[in-house]
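Here's the structure we're looking at; comments come further down.
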Amino acid sequence: MQTSAWLILLFPLAGTIVIGLGYRVLPARTVGLIGTAAIAGAFVAAVATFIALQGRGEEERQVVYVAWDYANTVGVDGKLSILVDPLSVFMALVVSGVSMLIHLYSVAYLWSDRGYARFFGYLNFFVFSMLVLVMAGNFLLLIVGWAFVGAASYLLISFWYRRTTATSAGIKAFVINVVGDVGLVLGTFFIFRHSGTLDFLGTFDSASKDFATHNGALTWGLILLLVGAFAKSAQVPLHTWLPDAMEGPTPVSALIHAATMVTAGVYLIARMHPLFELSDTAALVGAIVGCVTLLVAGTIGLAVTDLKRVIAYSTMSQIGYMVMAVSAGAYVAGLFHLMTHAFFKALLFMAAGSVIGAMAGEQSLDRMSGFRRAMPFTYGCFVIGGLALAGIPPFSGFFSKDEILADIGARGGGWWVFYVAGYVGAVLTAIYTWRMIFRAFWGEPCLEARELEEGHLHHPEAPFNPANGEIEDTDVGFPGPEHNIAERELPMKAAMGALAVLAVIGGLLQVPWVDSAVEKFLDPTFADSRLDLSPSDGLTAFGLVLGTVLGLAGIYTAYAVWVAKPGTSERVRTRFAPLHQLFVNKWYFDELIDLVVVRPVAWLGRFGQQTFERVVINGLFVGGTTGIVKAGSAAARALQNGFLRAYAALLVLGIVAVAFYFLIQSS
């Protein structure tokens with residue numbers, strides 16, 4: 001098991017190194033195969049680790065493997081160590097498995113892009129970074145993986161670096177994630193200060209004793225950790241980077257927003273559950289932010305018209321469910337939804353990439369319609385992903401989402417607010433998901449759909465940036481000249497087909513009253529939990545029925561508004577114009593952050609550079625010292641005039657001053 005566990009990390013690292021060193025001499029298709037094979041190797045190693053872990057007794061399923069001691073001095077026990085337990089193996093399986101399919105999809109999707117080899121190098125590095133994060137056995141390696149993921153996301157979001165919109169989006173994601181990194185580091189310091197160890201298991205074992213009289217420090221430490229989680233998982237108010245990250249290639253959107261980066265915050269809270277259970281305040285903060293996020297993102301998803309951004313806000317909303325779940329103590333339910341969400345959300349992004357390929361890069365729903373006949377395979381995948389996201393049985397999202405809400409409802413009391421909010425979010429999810437599907441695939445075929453029905457893939461007269469309409473060439477730093485679709489590319493179809501199957505059957509691992517495979521596997525990790533969330537059969541059955549009814553109602557609403565009664569959406573938009581403006585402008589979070597944070601910081605920077613640095617630093621400390629010496633020298637030269645009377649006068653004044661000083665001292 002030790003060998004297979006380390007191989008989970010070594011395979012993508014080796015892929016990154018080989019591609020990085022050999023991309024100039026290796027054929028492009030070979031680079032794609034190497035990148036995909038590296039992640040496939042990590043997935044195989046994760047499966048082998050899973051099998052080996054299952055062969056141990058439940059009390060022996062938490063194993064730490066140490067490669068070497070990085071630092072062991074003055075109380076700091078920094079080690080290159082990984083923790084192999086059900087949670088880390090579960091995350092490794094999801095991350096490597098979905099990432100492998102995204103790599104396979106990318107082989108065809110980006111084939112004509114001149115940055116092809118660079119893309120796979122970045123992609124392998126991203127997966128390696130995420131696996132370091134989830135396999136880390138201590139806070140030190142967790143922080144390293146956390147920072148690596150932020151750097152890799154910047155490289156991938158800014159991949160088409162000649163697009164100013166892409167580089168701006170990459171910088172925005174990087175800066176906000178650095179804010180989260182600061183929170184993670186400071187939170188670690190608060191915890192380490194009282195625990196005296198960076199090791200996860202050591203911290204958890206002594207937490208109740210170490211923080212018995214320092215609960216305030218623990219709470220602040222956990223809230224700082226939540227800052228890191230909120231930034232990485234795009235939770236309000238640190239979420240504004242996520243929709244802009246759609247400037248990256250579609251496989252990047254699928255990778256970052258399905259099973260990897262945005263789930264890091266969910267994993268962090270679940271991993272730190274022994275600490276969060278000692279601080280009700282920190283847990284409540286996490287639950288509130290998750291709840292607010294799922295509702296805010298759901299409302300924005302109703303208004304935006306960029307296909308990928310609708311799915312991005314859906315991701316933000318679904319991560320809100322997961323954060324709310326793990327903060328409330330519904331750890332298995334939150335992680336189960338993490339897994340099923342990875343399947344259907346990666347599928348939706350891939351299907352969206354196929355549609356965008358047919359549209360020659362255009363992403364606006366206002367320009368799309370009627371692709372149902374032209375792209376039957378893509379349409380079928382979109383429908384499967386949409387049914388899973390809307391929570392319709394027997395698709396995977398139905399079981400995982402309702403398990404979250406049933407567990408939260410089982411807590412009772414004030415937690416019923418979160419329970420109700422979750423079902424409100426479920427209705428919004430069904431509406432915006434099927435609004436997207438009906439607008440893109442139903443109705444009269446648009447020009448691009450008609451061309452595809454005639455056997456021709458649309459190509460514009462000149463490539464353009466869909467974000468601002470700027471004309472582009474297809475040199476390095478821009479998308480390639482070809483636009484590939486799943487109907488014509490076997491690797492894309494294979495990846496999407498596998499995810500479609502998983503989106504259908506993935507929920508069967510955790511069916512109420514039938515099976516609880518995920519819970520049984522994760523139980524050793526959460527066996528120390530003090531929370532016993534066991535919803536009654538009545539509450540579970542009520543939730544399953546209510547979730548189905550609300551999901552179907554949401555789909556019917558979308559059908560009535562955008563298919564059966566054309567023009568309804570315009571009338572609703574006109575009647576509720578202020579709400580529409582609020583939603584389409586994303587609740588003005590960007591403007592608020594610009595007003596409260598960006599402008600004051602920019603003003604302080606200008607003041608520091610133009611006033612304080614030039615006047616005080618340069619004038620006083622840099623030029624001031626030499627000025628004082630020059631002035632003193634000039635005064636001394638002026639006194640040396642050669643007249644005896646002047647020297648005598650100075651001598652008398654000096655004697656008088658000294659006598660006066662001693663006279664004052666004696667009195």
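Per residue, the accessible area of region 152-266 comes to 30 Å², computed with a 1.4 Å probe over protein heavy atoms only. Projected label points at residue 542 and residue 366, each 7 Å from Cα along the beta carbon direction, are separated by 4.5 nanometres.
In a fully extended conformation the segment linking residue 112 and residue 284 would gain 57.1 nm over its present Cα-Cα distance, using 0.36 nm per residue. The simple spin-label model puts a point 7 Å past each Cα toward its Cβ; for residue 597 and residue 471 those points are separated by 3.8 nm. In this calculation the C-beta distance from residue 660 to residue 607 is compared with R0 = 56 Å, giving a FRET efficiency of 0.75.
If only the Cβ of Lys and Arg carry +1 and only the Cβ of Asp and Glu carry -1, the dipole of region 451-573 around its Cα centre is close to 780 debye.
Each peptide in 84-97, 409-422 gets a packing score, the mean of other Cβ atoms within 10 Å over its residues, and the list from highest to lowest is 84-97, 409-422. Per atom type, the chain shows carbon and sulfur on 67% of its accessible surface, probed at 1.4 Å. Taking every protein chain into account, the accessible area of region 424-506 amounts to 43 square angstrom per residue (probe 1.4 Å). Pairs over the 22 Å Cα-Cα cut-off, from the set 232/520; 172/308; 308/565; 232/345; 172/493; 308/345: 232/520; 308/565; 172/493.
Note on surface exposure: 174, 189 rank 189, 174 by accessible area, highest first, 1.4 Å probe.
In this label model, residue 30 and residue 636 are separated by 7.5 nm, measuring between points 7 Å along each Cα→Cβ vector. Simple rule: put +1 on each Lys or Arg Cβ and -1 on each Asp or Glu Cβ in region 496-575, find the dipole, and look at 552, 510, 524; the Cα lying farthest toward the positive end is 552.
For the chain, the Cβ-based charge dipole about the Cα centre amounts to some 1620 debye (Lys, Arg positive; Asp, Glu negative; other atoms uncharged).
Listed by chain and number, the aspartates and glutamates placed with their C-alpha closer than 18 angstrom to that of residue 586 are 244, 247, 306, 594; residues fewer than eight positions away on the same chain are left out. Think of the chain as having a plus end and a minus end, set by charges on the Cβ of Lys, Arg, Asp and Glu; of 236, 354, 139, 236 sits farthest toward the positive end of this dipole.
Place a point 7 Å from the Cα of residue 552 along the Cα-to-Cβ direction; which residues of region 382-406 have their backbone N under 20 Å from it? From region 382-406, the list is 383-403. Across the options 417, 466, 445, the greatest Cα extent toward the positive end of the charge dipole of region 371-475 (unit charges at beta carbon of Lys, Arg, Asp, Glu) belongs to 417. Computed packing ranks the peptides 434-440, 39-45, 568-574, 323-329 as 323-329, 434-440, 39-45, 568-574, most packed first, by mean other Cβ atoms within 10 Å.
Place a label point 7 angstrom from the Cα of residue 51 along the Cα-to-Cβ direction, then list the residues of region 83-100 whose backbone nitrogen is under 16 Å away. Of the residues in region 83-100, 93 have backbone N under 16 Å from the label point off residue 51. For region 299-349, the solvent-accessible area of protein heavy atoms averages 7 Å² per residue (probe radius 1.4 Å; ligands and nucleic acids excluded). In order along region 189-200, the Karplus-derived 3J(HN,Hα) couplings, from 6.51 cos²θ - 1.76 cosθ + 1.60 at θ = phi - 60°, round to 4, 4, 6, 4, 4, 9, 7, x, 8, 9, 6, 4 Hz, and Gly and Pro are given as x.
The values are calculated or read from the model by the stated rules, or taken from the named source; none is laboratory data. This structure is a prediction, so every number in the text was calculated from the model and none was measured. Note that we place each Cβ from the backbone using ideal geometry, even for glycine, and neighbour counts take in every protein chain shown. All accessible areas refer to the heavy atoms of the entire protein, side chains included, with ligands and DNA or RNA removed. Shrake-Rupley method; radii C 1.70, N 1.55, O 1.52, S 1.80 Å.
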